[in-house]
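Asks: Handing you a structure now.
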Amino acid sequence: MAKIFAVRTTTGRESQVIDKLLLKIRQLGLSVYAILKPREVKGYFFVEADNADDINKAIYGVTHSKGVIGEVRLDEIKHFLSTTVEQVKINTGDIVEIVSGPFKGERARVQRITKAKEEVIVELLEAAVPIPITVKLDSVRVVKEQDAEEKESD
């Protein structure tokens, strides 16, 4: 029967580790069934597998992986599995501040929002040449909403 294990990573590198892990799982044909990366949990993700050995084989040598922490009961992570619809509070034309990443502290105007990928495409306000930059939706916060008159003209 499959069990759920917690895997520790470098904070902020969870997605990179998971991507590399998926490649190794496919290459080695390991018995890993699911991977869960809750947005609320930093530095960890959860893997459903037959045993910890398969996960250890997959993460061996993967940069930013710190190892299998241990087995987790389903009732301990069940609240991460509930489906909730999150409303995107950012609109095209809004002025946002980038709160993480290499452009942290910069202000930008929202050009497009990709809800499925949870990404937003922005153009930096103080850049000499406007270059579209794609950042995660949770990496920006609205500083100024687009004015009502501007919304009507769109």
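Bear in mind that the values in this text are calculations on the coordinates, not laboratory data. As the structure is a computational prediction, the values presented were derived from the model and not from experiment. Glycine gets a Cβ as well: all are built from the backbone with ideal geometry, and neighbour counts include every protein chain shown.
Asks: Beyond 19 Å between alpha-carbons counts as too far, so tell me which of LYS37/LYS104; LYS37/LYS89; LYS42/LYS115; LYS24/LYS57; LYS20/LYS66 fall in that bin.
Replies: Details: LYS37/LYS104 24 Å; LYS37/LYS89 23 Å; LYS42/LYS115 21 Å; LYS24/LYS57 9 Å; LYS20/LYS66 14 Å.
Table pairs above 19 Å Cα-Cα are LYS37/LYS104; LYS37/LYS89; LYS42/LYS115.
Asks: Moving on. So how much slack lies between LYS117 and ILE131, counting 0.36 nm per residue of separation and subtracting their Cα-Cα distance, in nm?
Replies: Numbers: separation 14, 0.36 × 14 = 5.04 nm, distance 2.00 nm.
Between LYS117 and ILE131, full extension yields an extra 3.0 nm.
Asks: Averaging over every viewing direction, what projected area does the convex hull of the Cα atoms of region 13-53 cover, in nm²? Intermediate values should be presented prior to the final figure.
Replies: On the way: hull surface 11.6 nm².
Averaging across all directions leaves 2.9 nm² for the Cα convex hull.
Asks: If you consider only alpha-carbon coordinates, what radius of gyration and Dmax does the chain have, in Å?
Replies: Values for the chain (Cα only, Rg and Dmax): 19.5, 60 Å.
Asks: Taking the simple approach of a point 7 Å from Cα along Cα-to-Cβ for both GLN16 and ASP50, what is their distance in nm?
Replies: Between GLN16 and ASP50, the simple spin-label model gives 3.2 nm.
Asks: Between ASN91 and LEU23, what FRET efficiency follows from the Cβ-Cβ distance if R0 is 35 Å, with the result rounded to 0.05? Don't jump to the answer; show the numbers that get you there.
Replies: Details: r = 37 Å, r/R0 = 1.05.
Approximately 0.40, to the nearest 0.05.
Asks: Project the alpha carbons of region 95-146 onto their principal axes and report the range along each, largest first, in whole Å.
Replies: Principal-axis extents of the Cα atoms in region 95-146, largest first: 31, 25, 18 Å.
Asks: What is the calculated FRET efficiency for TYR33 to GLU76, with r their C-beta to C-beta distance and R₀ = 30 Å, to the nearest 0.05?
Replies: Working: r = 18 Å, r/R0 = 0.59.
For TYR33 and GLU76, the calculated efficiency is 0.95.
Asks: Bin all alpha-carbon pair distances of region 3-81 at 10 Å intervals from 0 and give each bin's fraction as a whole percent.
Replies: Whole-percent P(r) values from 0 Å outward: 20, 58, 22, 0.
Asks: Which of ASN91, THR63, PRO130 sits closest to the plus end of the dipole of the chain, meaning its Cα is farthest towards the positive end, when Lys and Arg get +1 and Asp and Glu get -1 on the C-beta?
Replies: It is THR63.
Asks: Using only the alpha carbon atoms of region 39-119, find the Kirkwood hydrodynamic radius as the inverse mean reciprocal pair distance, in angstroms to one decimal. Don't jump to the answer; show the numbers that get you there.
Replies: Numbers: mean 1/r = 0.0601 Å⁻¹.
Computed over Cα pairs of region 39-119, the Kirkwood hydrodynamic radius comes out at 16.7 Å.
Asks: Which value in deg cm²/dmol, rounded to the nearest 500, describes the helix-derived mean residue ellipticity at 222 nm for the chain, given -39,500 (n - 2.57) per DSSP H run of n ≥ 4 and division by the residue count?
Replies: One gets -7000 deg cm²/dmol as the mean residue ellipticity at 222 nm.
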